[in-house]
Amino acid sequence: MPIVFNEDNQSFHLFTPDTSYIMQIIREGYLAHRYWGRRIHHFRDSNQLLHVHRPLSPNPDPSDRSFSLDELPQEYPGFGGSDLRTPAFQIEQGNGAAVSDLRYISHRIMSGKPALAGLPAVYVEEGDEAETLELTLKDEVLDLYIILTYTVLASWNAIARSVRFENRTNESIRLLRAASLNVDFGDADYQLLQLSGAWAKERTMIKRQLVQGNQSVDSRRGASSPHHNPFIALMRKGADESAGDVYGINLVYSGNFLANVEVDPYDTARVSMGINPFNFAWLLEPGESFQTPEAIMIYSSAGLGGMSRKYHRLYRSRLCRGKYRDEVRPVLVNNWEGTYFDFNAEKLEQIAVKGKELGIELFVLDDGWFGKRNDDTSSLGDWFVNREKLPEGLEDLAARVNRQGLQFGLWFEPEMVSVDSELYRAHPDWCIHTEGRSRTTSRGQLILDFSRPEVREAIVSRVSRILRSAPITYVKWDMNRHMTEAGSAGLPPERQRETAHRYILGLYAVLEELTSAFPEVLFESCSSGGGRFDPGMLYYMPQTWASDNSDAISRLKIQYGTSIVYPVSTIGAHVSDVPNHQVGRVAPLETRGHVAFSGAFGYELDLTVFTEAEQQLVKEQVQFYKEIRELMLRGDLYRMLNPFEGNEAAWMIVAEDAAEAYVFYCRVLAEPNPGFRTLYLQGLIAGADYRINGEERVYGGDELMYTGLRVPFHLHGDFRSQIWRIRKAD
Ligand code: DGJ
């Protein structure tokens, strides 16, 4: 029973093998937060709530000046009463009043995990994989019910939380803020870890000490964005990659979000995460309800590495869905950096022919195959084949590719419309826009208004027609701009500030429809590279192109930062040409392969111009990846050297049964007369024997982990890497 209600002290104890999470109903029905962290057996209130009179803390009960919500750790704090800190939610009544006061009403505990209507969420396959607690709170004055949902996924050491608002009054209520979770930490002695960046440098690890006041990461861009990932972790002082307390929170959402930490004057830390309240409002009519996205909480006492492995196991098996959740991914070649818009069927066929020779399994045709698109200024929305480039159509091209024994994949950017397109000329109001304002373009394009059913239907129908027109087994789903003038012609004035969230709900509806209609297709999400690498997208598409920056050395940081939350199996990673198109660097082909192996592997270049020697190496790389790709799909990641902290990077991926491992090391710049480097392997079986790269000699798992594996001294030159394949001896 991972959820226990203790009648004596009115506490709820949620636990997994490693974690406890405790709440308590106190006094007049306030729901207090009591603990989140390492598993404890019983909660008997050793860490008592102290109530003291503080001159500037307001008192809900005038006869008791020692009690104030301003210093009560709470589960879901409201606004306007005696708590003057950041609220988790805020409402507005028709009369303009914005005050709320929540009290416990009832609860129920059930096995399994209910789905979240219209939203991505982790799921269970058997009822006994999870237990769910629904806590119903009600406003003291209004018939506004707030249902806090906690699902304990014990085997994954995770807790999933979300909130539902039910308006049972007979008046409209406007939601101004509706966080998915709030956690009041008892102290603020933590570092805040965020994964931030920009285009071509996504998910940079940034740590900062919490200080009094608000500190936040957010997106107001209409997408989760490359600027900030919807993830934060609080790391206890001294916690690092392999030890110490780490509290991770990740929002299963792809739109505007806010993660906020408020440290109050008494050094408590209030953490909340959810839809960004900035420019958000949601009208809740009588009888209606509003469901927030889900947040996934993972506590680890084994540092960041422990936290990451828990996220990875959960996301690999109970967030990603469909055929490719459990199937190895085909090795692909994508023509984008090889040809950009300048291709014809013959050129593409030649790449496929070469791909076949080298063992590649899937050819992907990127941007430029539709409308009259020869550059990025036109045709998005016109999902009809460009007959000038491909006179015989996609069917012919797919057949040519298939004849070589390769599968055929295709790029789309379905959420967009070019100003220069048939679609825009026919339906100028189908884009996100605000009446009376100019329409700001980005890359010459506007965003289709997916909050409108007729727009969604038109796009689903156009994309489906193409997918049915040829044997297409892979789709790259791109999205290349952020939201401006966020308004919808389909919504009344009082709902305009719902546009950004309704757009995301519409996107999810489209993805649900298309991925269900084409279950055999492998979908890869992309947003100018890794601009929407979030669990919401992974629910529909099991891999995401990690970055438009395909330089292997930049990728050390991008893939390392991404792996803090997201499994290696979800990280699209390709070998590209040199000098690299984004940064101009010339990294050896060997290193480019070694880095891309830790992901969903492929090539992003013109294979036909490779020398014999390069082709031979590619052949070996493809062969090698096929041997280790099962490991990339299911293995556990151990990070050893952090590229954000030095000149080297190292990590390893170990099979769940520890029978096999892939070890990767890279030194960025050559060093004169360097020291010796030893990698202390992890995750192996101490008592088992292992062979390295198939050699005769065996080494104990304990020796490899504790004595370590020596990196060869002769790595000469910049950007050099080394890999090892380790297998348990029979
Ligand atoms: C942005 C993507 O990240 C690239 O890989 C490529 O597909 C281009 N869009 C095409 O326009």
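Numbers for the structure displayed
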item: Test for Tyr560: is it more than 14 Å from the ligand (Cβ to nearest atom) and touching an Asp or Glu at 6+ places or on another chain (Cβ under 9 Å); result: no
item: Options Gly536, Gly506; residue that is crowded, with 22+ Cβ neighbours inside 10 Å, over 15 Å from the mean Cα position of the chain (by Cα) and more than 16 Å from the ligand (Cβ to nearest atom); result: Gly506
item: Residues being assigned to a helix (DSSP H, G or I) and either of a type in the set (Val, Ile, Thr) or within 14 Å of the ligand (Cβ to nearest atom) (or both) - total across the range 509-533; result: 2
item: Neighbours by Cβ (under 9 Å, 6+ apart or cross-chain): first from the range 324-347, at positive phi; second within 13 Å of the ligand (Cβ to nearest atom) and open to solvent by 10 Å² or more (accessible area, probe 1.4 Å); result: Tyr340/Asp375
item: Residue in the range 455-485 that is nearest to the ligand (Cβ to nearest atom), counting only those that are farther than 22 Å from Pro542 by Cα and aliphatic (A, V, I, L, M); result: Met483
item: Search result, residues across the range 675-709 that are surrounded by 13 or more Cβ atoms within 10 Å (Cβ to Cβ) and among the hydroxyl-bearing types (Ser, Thr, Tyr); result: Tyr680, Tyr690, Tyr699, Thr707
item: Strands (runs of 3 or more DSSP E) fully within the range 230-305 counting 2 or more residues that are touching a residue at least 24 places away in the same chain (Cβ under 8 Å) and among the polar types (S, T, N, Q); result: 289-291
item: So Arg443, is it within 16 Å of the ligand (Cβ to nearest atom) and either open to solvent by 10 Å² or more (accessible area, probe 1.4 Å) or in contact with a Leu (Cβ under 6 Å, 6 or more places away or on another chain) (or both); result: yes
item: Residues located in the range 270-306, provided they are open to solvent by less than 10 Å² (accessible area, probe 1.4 Å), closer than 20 Å to Leu192 by Cβ and of a type in the set (A, V, I, L, M); result: Val271, Met273, Ala295, Ile296, Met297, Ile298, Leu304
item: Top-ranked residue in the range 540-590 [being touching a Pro at 6+ places or on another chain (Cβ under 7 Å) and over 28 Å from Lys310 (Cα atoms); ranked as most open to solvent (accessible area, probe 1.4 Å)]; result: Val586
item: Strands (runs of 3 or more DSSP E) wholly inside the range 348-440 that include at least 1 residues being more than 16 Å from the ligand (Cβ to nearest atom); result: 407-412
item: Selected residue (criterion: farthest from the ligand (Cβ to nearest atom)) from residues of the range 539-549 that are under 18 Å from Gly602 (Cα atoms) and in contact with a Ser or Thr (Cβ under 8 Å, 6 or more places away or on another chain); result: Pro542
item: When residues of the range 602-659 are limited to those that are in contact (Cβ under 8 Å) with a residue 40 or more places away in the chain and of a type in the set (S, T, N, Q), the one most open to solvent (accessible area, probe 1.4 Å); result: Gln623
item: Residue within the range 578-590 that is assigned by TED's automatic domain parsing to the domain that holds Gln350, in contact with a Leu (Cβ under 7 Å, 6 or more places away or on another chain) and under 21 Å from Asp326 (Cα atoms) present; result: no
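A quick yes/no check of all residues on (1) closer than 15 Å to Trp724 by Cβ; (2) assigned to a strand (DSSP E or B); (3) within 25 Å of the chain's Cα centre (by Cα):
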position	(1), (2), (3)
Arg592	no, no, yes
Val622	no, no, no
Glu630	no, no, yes
Pro643	no, no, yes
Phe664	yes, yes, yes
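For (1) open to solvent by 30 Å² or more (accessible area, probe 1.4 Å); (2) of a type outside the set (Val, Ile, Thr); (3) touching a helix residue (DSSP H, G or I) at 6+ places or on another chain (Cβ under 7 Å), each residue gets a yes or a no:
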{"position": "Asp101", "(1), (2), (3)": "yes, yes, no"}
{"position": "Ser106", "(1), (2), (3)": "yes, yes, no"}
{"position": "Glu125", "(1), (2), (3)": "yes, yes, no"}
{"position": "Lys138", "(1), (2), (3)": "yes, yes, no"}
{"position": "Ile147", "(1), (2), (3)": "no, no, no"}
{"position": "Ser155", "(1), (2), (3)": "yes, yes, yes"}
{"position": "Ala158", "(1), (2), (3)": "no, yes, yes"}
{"position": "Asp187", "(1), (2), (3)": "yes, yes, no"}
{"position": "Ser196", "(1), (2), (3)": "no, yes, no"}
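Every residue, every condition in (1) surrounded by fewer than 19 Cβ atoms within 10 Å (Cβ to Cβ); (2) over 25 Å from Gly529 (Cβ atoms); (3) without any contact (Cβ under 8 Å) to a residue 24 or more places away in the chain, yes or no:
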residue: Ile360; (1), (2), (3): no, no, no
residue: Trp369; (1), (2), (3): no, no, no
residue: Lys372; (1), (2), (3): yes, yes, yes
residue: Ser379; (1), (2), (3): no, no, no
residue: Pro391; (1), (2), (3): yes, yes, no
residue: Leu397; (1), (2), (3): no, yes, no
residue: Gly409; (1), (2), (3): no, no, no
residue: Ser421; (1), (2), (3): no, no, no
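The values are calculated or read from the model by the stated rules, or taken from the named source; none is laboratory data. Computed from a prediction, not measured in an experiment: that's the story for all the values here. Glycine also receives a Cβ, built like all others from the backbone with ideal geometry; neighbour counts cover every protein chain displayed. Quick note on the areas: whole protein, heavy atoms, side chains included, nothing else; ligands and nucleic acids left out. Shrake-Rupley method; radii C 1.70, N 1.55, O 1.52, S 1.80 Å.
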